[in-house]
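Before I ask anything, let me first share the structure, which is written out below as structure tokens.
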Amino acid sequence: MWNMTDKHLKRCTKWSAMETGPPAGTSSRDEKTHLRSNSKGTPHYGTIANGQVDNSPEITQISPRRAYIAVAVLCYVNLLNYMDRYTIAGVLQSIQTYFGINDSTSGLLQTVFICSFMLLAPVFGYLGDRYNRKLIMVAGLAVWIGTTLGSSFVTKSYFWVLVLMRAFVGTGEASYCTVAPTIIGDLFSDSKRTLMISFFYIFIPVGSGLGYIVGSTIASATGDWSWALRLNPILGAFGLVLLLFLTPNPPRGASDLQGGVQIERTSYLEDIKYLLRNRSFVWSSLGVTAMAFVTGALAFWTPTFLSRARVTMGLRPPCEKEPCDSSDSYIFGAITVVTGILGVSLGTWISGRLRDRVPNADPLICAVGMLASAPCFFIAIILASTSIPATYVFIGIGETLLSLNWAILADILLYVVVPTRRATAEALQIMVCHLFGDAGSPYLLGAISDALSKYDPDSLTWRFRSLEYSVLICPFIGVLGGLFFLMTALYINEDRKAAQLLTTGEPPVQVVPLAVEGQPVA
């Protein structure tokens, strides 16, 4: 029994306001994202080394105009990246005829690209959280330009050189894709960041679709598939100049930090431990992996699959010399562009409408997109042997539903991970989703198709059926991805608040029981 005086009340109130506790889901012993107050209200950034912070330049204000120009440049380069990635798929039949390779060997072209991209993403993620991100992107783009152009001069007896060049192309793209989204995240915040991220990611399906269209158009016009690989390096050289002169390197977390708070970077091992404890990051990464498996496999094999369906129905003869009929690449590319724009825009709009009312709306939208797209792709695959138009209709619906996720997934990562760990998070997610997703899916489907085709190697119909049965794996992987996003929805609110508290330095208020006159304190 004791009485609360004004003096005691003030002390307890002050102590309660200053009490610091770890965010939900973390441990004060394990978590080492360091927050320091700055009396000048200006954040500084540096690397932790025995408790010391290196001297880094203070934040300089980046004008909105320059920020918007930077996003435009980053979107342009992202467009070229995905155009190049799927140019090979647009002229795949011509490449198979030129080199005399089977389905599994053809899938190897995409697999080695994704493998190098995947393995080097963590390296560039580490560098992107610690060094000048602009210079990292410039160096990577220069490598991409040189190797893409070089791969177009490979002769018939040196297929292994083409495979090696595609691996180096993945090296260049890894440096860009891990870093660019984090720059946008540091230029904008809240709803503007969501909008800018949606603009950036809308060029994934748009670039992919244009890769089919432009690649097959150039190959048909020149009669040589290698010319399809030469346009992107030319456009890339222009992008390199834009990147060098128009893109800033904003301080990490500049758009998230409140005045008076400073985030210090931690060791790479501590960053990985933090990410593995972040349940939203883990489950959403598994969802992205399933999505990458489906999109990688279907994007690589769909034009070839539909071409074989037309041969089976007697609508066209089999390709025996290049250039092969590329009409399915045109149509599939156009559908990918339109559905990509529609899906990303619709997903961003739905997220903006629901986010305030449904805190876990983002992973729920991703789950709905994955689960609803799976039956559409299943029906499209089954209908391919009877009706090509109906197949394209269901492909379009499925791609629209799948494209709901692109911008939302990037935004999820940015708001559940603290700024100084975002490039590492991007890199780790890229490595996982490609390792178990589209790194192996094109080759896996090609290998299954080759194994099945051996039962009747001379039958054109069975050659189509063998690829059809292998592609049917994709819808089932899509359902699994939807379940992963449902799991993300269970933890997203808690992890988002934890990241905000670590970033702003505002610990959760702990309630201190205050005694009422004549009442004991519990």
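The values are calculated or read from the model by the stated rules, or taken from the named source; none is laboratory data. None of these values were measured; they are calculated from a predicted model. All Cβ positions, even for glycine, are placed from backbone atoms using ideal geometry, and neighbour counts span all protein chains on display. Side chains included, ligands, DNA and RNA excluded: accessible areas come from the protein's heavy atoms. Shrake-Rupley method; radii C 1.70, N 1.55, O 1.52, S 1.80 Å.
Across the stretch 347-490, what fraction of all alpha-carbon pairs, as a whole percent, falls in each successive 10 Å bin from zero upward?
11, 31, 32, 17, 7, 1
Please calculate how many Å² of accessible area the stretch 166-317 carries per residue, with a 1.4 Å probe and no DNA, RNA or ligand atoms counted.
Here the per-residue accessible area is 31 Å².
Mind ranking Y330, Y392 by accessible surface for me, highest first, 1.4 Å probe?
Y330, Y392
Given the Cα-Cα distance of E270 and L354 and 0.36 nm per residue of separation, how much length would full extension add, in nm?
Here the answer is 26.8 nm.
Could you derive backbone 3J(HN,Hα) for the stretch 121-138 from the dihedral phi with the Karplus parameters 6.51, -1.76 and 1.60 (θ = phi - 60°), listing whole Hz in sequence and x where the residue is Gly or Pro?
Values, residue by residue: 4, x, 5, 6, x, 4, 5, x, 8, 10, 10, 5, 5, 4, 5, 4, 5, 4 Hz.
Loop only per DSSP, at most 13 neighbouring Cβ atoms within 10 Å: give me the chymotrypsin sites (Phe, Trp or Tyr not before Pro) in the stretch 408-507, ordered by residue number.
Those that pass, being in a loop and sparsely packed, are Y455.
Show me the three semi-axes of the equivalent ellipsoid for the stretch 89-129, from the C-alpha gyration tensor (sqrt of 5 times each eigenvalue), largest first, rounded to whole Å.
The answer is 31, 9, 6 Å, longest axis first.
Per residue of the stretch 158-167, in order, report the coupling 6.51 cos²θ - 1.76 cosθ + 1.60 (Karplus, θ = phi - 60°) as ³J(HN,Hα) in whole Hz, putting x for Gly and Pro.
Those phi angles translate into 10, 4, 4, 5, 4, 4, 5, 4, 5, 5 Hz.
In Å and from the alpha-carbon atoms only, list the Rg and Dmax of the stretch 273-340.
18.4, 57
What list of ³J(HN,Hα) values in whole Hz, one per residue of the stretch 229-243 in order, does the Karplus curve 6.51 cos²θ - 1.76 cosθ + 1.60 (θ = phi - 60°) give from phi, with Gly and Pro shown as x?
Once rounded to whole Hz, the list reads 8, 9, 6, 4, x, 5, 5, x, 4, 5, x, 4, 5, 4, 5.
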